[in-house]
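Have a look at the structure below before the remarks.
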Amino acid sequence: MPFKRINNLKFFYFKNLDYPEITQAIATRHGGSSPAPWASLNVGGTVGDSTGRVNTNIQKIFNTLNLDPSTKYDVWQIHSSKVQIVEKPRESSPPIQADIIITNRPHITLFMRFADCVPIFLYDPVAHAIGIVHAGREGLAKRAPTIAVEALTMAFGVDPRNLIAGIGPSICPECYEVGEEIYQNFVEEIGEEVSSSYFQFRDSRLYLDLWSCTKFQLQDAGVKKIELSNICTATNLQDWYSHRGEMGKTGRFAALLHLKG
Amino acid sequence: MAREGPHKVNIAQNLEEVQDRIRAAALRAERDPDEVRLIAVSKLQNIAKIREAYAAGIRDFGENRALEAIPKQKQLSDLQEIRWHMVGHIQSRKTRYLVPNFSMVHSIDRLKIAKRLSRHSKEHGQNLPVLLECNVSGEETKEGWDVADRETWSRVVPEFKEIVDLPYLDVCGLMTMAPFGASVDELRSVFSTLRELRDFLSESVPGNWEELSMGMTDDYEIAIEEGATLLRIGRAIFGPRTYE
């Protein structure tokens, strides 16, 4: 598996994003200081864990990856398709609401939090631009992956054919049962024909395939090089936080993408 | 001199012909030909053709979609004094990308777009020249303020005043799209109506309403005769579209 252990932390890496120009990592829940139900490397500040422990965990991740914590840029993730074009680290300014963060500036660490939603990493080695997308059922219904690619194109002149994309650990189609209203929401947003291919009916239950949905939207936007991690958060609770798998009582794991100077 | 296949469009030659016709039309209408600026609409044209047009002397280029235009602009950033005009429908979530990349936006078709462009221009600290798109023919498929019925012209005044007062936007006139397949008389009526609307606004909304962006490949001479100051011409210059 594409994991790397550094000290007592364990990170997931995309093989197709193995470039010396970037630092990429998705942190598993190992090696942090939070107790159950957040054990242990929780970076979510809105799940009941203490701010002190969350900050300690974030520091530890940055230090382990040899990244300066002051380069962090994170957002208030709201299940939207809103784009933030990042020009400097966030530091003490309040977080902006967004689920797509992109930059072409070095020395900024894009940072997002996940527990079942899809982390999407984007990197263009030609235009030297990066992006992370936080896409769950709501973001995908709002075409967040497509909008992210378009944003990279319009902000930095990225040619989608040069983009390298990674679809990270998130809840798999076998585990993600959803209600009829979710299907209706997709139909309203992106039409019935496309929507129907993302849903499966099994034993009179409806399941949503976030992975194929993400992949399809990236391809639709012109991205050719896509790696799917194939790791389900809900069935690998030893490594990942899963909102569904742990019935809401859980933490958030960190995803980081950084353009070196 | 570059080698040319027999099928190759000669942009310089096309341009010369268009410029001759612009001049003739202006003189027919007793106008100064220098009042009329040609914008080469380069949507769906590739980089090589745009470079060829630039080499032939064109500096103003028009694009319809930010998503197509911006990567092309980046690839052509070495061309000095090139000016890009946004002439297509604008989605509100894409307004932020227009501001640093376009010299003029012709296609503001609603207040929301104007407000967003004003905000982004402020963020960039530079004023953006814009035109307000008006639907003169009343076709439902056309974008812009519905001004088909001149009895209702006064209704657009408050909104236009609001736009003129927005910071960092320089409203400098109007734009319209002629209906597809219209007769010469219909075209003339659409263009003259836009000019008359401009004259009406000059009286009722303090500001600069000088520019009239109207006229394309099939009708630009009529547009000139009716007062056009900006022509959006694609096919007559570039020939058929080539962009992938």
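Coordinate-derived values only; no laboratory data. The structure presented is a predicted model; accordingly, all values stated were derived computationally and were not measured. Here the Cβ positions follow ideal geometry from the backbone for every residue, glycine too, while neighbour counts run over all protein chains shown.
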Task: Cα centroid separation, region A:244-261 to region B:102-176 (Å) - done: 43
- [ ] Report, in debye and to the nearest 20, how large the dipole of region B:1-138 comes out about its Cα centre when Lys and Arg carry +1 and Asp and Glu carry -1 on their Cβ.
- [x] 840
Task: 3J(HN,Hα) from dihedral phi, region B:27-39, Karplus parametrisation 6.51/-1.76/1.60, rounded to Hz, x for glycine, proline - done: 5, 4, 8, 6, 10, 6, x, 6, 6, 9, 10, 9, 10
Task: Partnerless Cys - chain A, beta-carbon criterion under 4.7 Å - done: A:Cys117, A:Cys175, A:Cys213
Task: Neighbour-count order for A:Ile61, A:Ile22, fewest beta carbons within 10 angstrom listed first - done: A:Ile22, A:Ile61
Open item on the list: Can you compute the radius of gyration and Dmax for region B:2-237, using only the Cα atoms, both in Å?
Closed with: 17.6, 57
- [ ] Pairs of Cα atoms under 8 Å, at least six residues apart: use those to get the relative contact order of chain A, whole percent.
- [x] 24
TODO: Work out which helices of chain A, taken as complete DSSP H runs, extend at least 27 Å along their axis over the Cα atoms and score a mean Kyte-Doolittle of 0.5 or more, then list them.
DONE: none
Open item on the list: Run the numbers for B:Ile82 and B:Asp34: contour at 0.36 nm per residue of separation, minus the present Cα-Cα distance, in nm.
Closed with: 15.4 nm
- [ ] Of the DSSP beta bridges with both residues in the protein assembly as shown, give the percent that are antiparallel, rounding to the nearest 5.
- [x] 50
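Counting only helical runs of four or more DSSP H residues, what would the 222 nm mean residue ellipticity of chain B come to if each run contributes -39,500 (n - 2.57) and the total is spread over all its residues? Could you put the intermediate results ahead of the total?
Numbers: 9 runs with 94 residues, N = 244.
Result for chain B, helices only: -11500 deg cm²/dmol.
Students often get this wrong, so check it: of B:Lys74/B:Lys142; B:Lys49/B:Lys142; A:Lys60/A:Lys260; A:Lys88/B:Lys122, which have C-alpha atoms separated by over 22 Å? Don't skip to the end; give the middle numbers.
Numbers: B:Lys74/B:Lys142 30 Å; B:Lys49/B:Lys142 29 Å; A:Lys60/A:Lys260 19 Å; A:Lys88/B:Lys122 19 Å.
In this structure, B:Lys74/B:Lys142; B:Lys49/B:Lys142 lie more than 22 Å apart at Cα.
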Task: Amide H partners (placed H, <5 Å) of A:Lys82, local residues excluded - done: A:Asp99, A:Ile100
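As a footprinting exposure proxy, order A:His243, A:His79 by other Cβ within 10 Å, with the fewest listed first.
A:His79, A:His243
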TODO: Order by neighbour count: A:Thr46, A:Thr235, fewest other Cβ atoms within 10 Å first, most last.
DONE: A:Thr46, A:Thr235
Open item on the list: Just to be sure I follow the definition: excluding the sites themselves, where is the longest run in chain B that has none of the chymotrypsin sites (Phe, Trp or Tyr not before Pro) in a DSSP loop with at most 16 other Cβ atoms within 10 Å?
Closed with: B:1-179
Task: In nm, spacing of pseudo-spin labels at A:Lys225 and A:Thr56 (7 Å Cα→C-beta vector) - done: 4.0
